[in-house]
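To start, the structure itself, in structure tokens.
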Amino acid sequence: MTIRKFLVLFSVVIFSPVGDAFLARGMKQTGAIDVHHLTHVLAAVASPWIILGIACLIAGMANYMTALSFADLTFVLPATAFGYVTMVLIAHFWLGEHVSLVRWAGILLIVMGVGVVARGPSRTGETGEALYAAAGREESE
Amino acid sequence: MRTLYTWVCIFITVVAASAGDVLIALAMRRIGDLGVLRRSRGLSAVIMRVLSSGAFLTGIAFMAIAFFSNLMGLSWADLSLMGPATASLTFIVSALGAKFFLGEDVDRRRWLATIFVCAGVLLVAH
């Protein structure tokens, strides 16, 4: 794992939880959507919180896709689950929310999961990378 | 009825998000390392290459379905139910998709990691 690849994964676990938090806040302001007026969900997109949330999620998505271009889905998914840890840490240290013992246990499990997957290979199966071998590979793992 | 609607939303979100995950992973796997491509051909070439991928566009369509289904669910239920329910189930369904559709070597280490993370996400939302 090179520094660039680490930074790509790191960006995912920062942007995505922040985006989700903005979305949740935006939807709470919009209020419950009536099942007979499902198109009202489109109106929620006009909320500044939703727009900000979408911007963060796009940034997270771009980095997530970059990660998928050099690593397996079953590597990237557990690795980027660290975003939940980020979310709880933000809630605890920044927003001053109470984080229960059970939640800290959950954090521990996620960290263990990330640790387990990170010790294995990041890429298995066939890849299109050979196509770009001619363009020169600057990284060796 | 709200509970039923919520779980229908959770089901649609999980299936659509997993299909999106697998299709986008397939597109990125075919294109190859975006960082390497960007350095050799430039950012616009990367964007063109990604946007002209059929697997990517189909994946995004599924992601959009998952997004609005999740948004709709959030208006009926709390993020503390929607978040962990959709996320933890998507890990399992996506891992199955990666194994059977992408040919990834999902060995014991990866299943262990997936189960740890899935259980952790459930506890965090407790």
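Here, each number is a calculation from the coordinates, and none is a lab measurement. Quick caveat: nothing in here was measured; it's all calculated off a predicted structure. FYI the Cβ positions are ideal-geometry reconstructions off the backbone, even for glycines, and counts take in every protein chain you see.
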For this session: Name the most mobile residue of B:24, B:65, B:115, meaning the one with the largest mean-square fluctuation, in a Gaussian network model of chain B with Cα contacts below 10 Å.
Result: B:115
Exercise. What is the percent of Cα-Cα separations in the protein assembly as shown that go past 28 Å?
Worked result: 34 percent
Exercise. So how strong a dipole does the range B:50-126 carry about its Cα centre when Lys and Arg Cβ are +1 and Asp and Glu Cβ are -1, to the nearest 20 debye?
Worked result: 140 debye
Seminar exercise, completed: Most exposed to least, judged by fewest other Cβ atoms within 10 Å, A:80, A:124, A:39, B:3 sort to A:39, B:3, A:124, A:80
Exercise. Ranked by Cβ crowding within 10 angstrom, fewest neighbours first, how are B:118, A:56 ordered?
Worked result: A:56, B:118
Exercise. Which value, in debye to the nearest 20, gives the size of the charge dipole of chain A about its Cα centre, when Lys and Arg are +1 and Asp and Glu are -1 at the Cβ?
Worked result: 260 debye
Seminar exercise, completed: Whole-Å distance linking the alpha carbon centroid of the range A:1-35 with that of the range B:1-76 is 14 Å
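Can you sort B:93, B:124 by how many other beta carbons sit within 10 Å, fewest first? Don't skip to the answer; put the middle values down first.
On the way: B:93 16, B:124 27.
Going from least to most buried by this count: B:93, B:124.
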For this session: Pull up all non-local amide H partners of residue A:123: gap of 5 or more, or a different chain, and H-to-H distance under 5 Å with H placed in the peptide plane.
Result: A:72
Problem set entry | Hz values of 3J(HN,Hα) by residue in the range B:35-41 - Karplus curve (6.51, -1.76, 1.60), Gly and Pro given as x | x, 5, 5, 5, 5, 8, 10
Exercise. Hey, in the GNM for chain B with a 10 angstrom Cα cutoff, which one of B:87, B:61, B:113 fluctuates hardest?
Worked result: B:113
Problem set entry | Evaluated over the range A:3-120, the Cα radius of gyration and Dmax, each in Å | 16.4, 50
For this session: Using θ = phi - 60° and the Karplus relation 6.51 cos²θ - 1.76 cosθ + 1.60, list the HN-Hα couplings for the range A:68-73 in order, rounded to whole Hz, with x at every Gly or Pro.
Result: 5, 6, 10, 9, 5, 4
Seminar exercise, completed: Comparing B:20, B:35, B:59 in a Gaussian network model of chain B (Cα, 10 Å), the one with the largest mean-square fluctuation is B:35
Problem set entry | Size of electric dipole in the protein assembly as shown: Cβ of Lys, Arg +1 and of Asp, Glu -1, about Cα centre, debye, nearest 20 | 240 debye
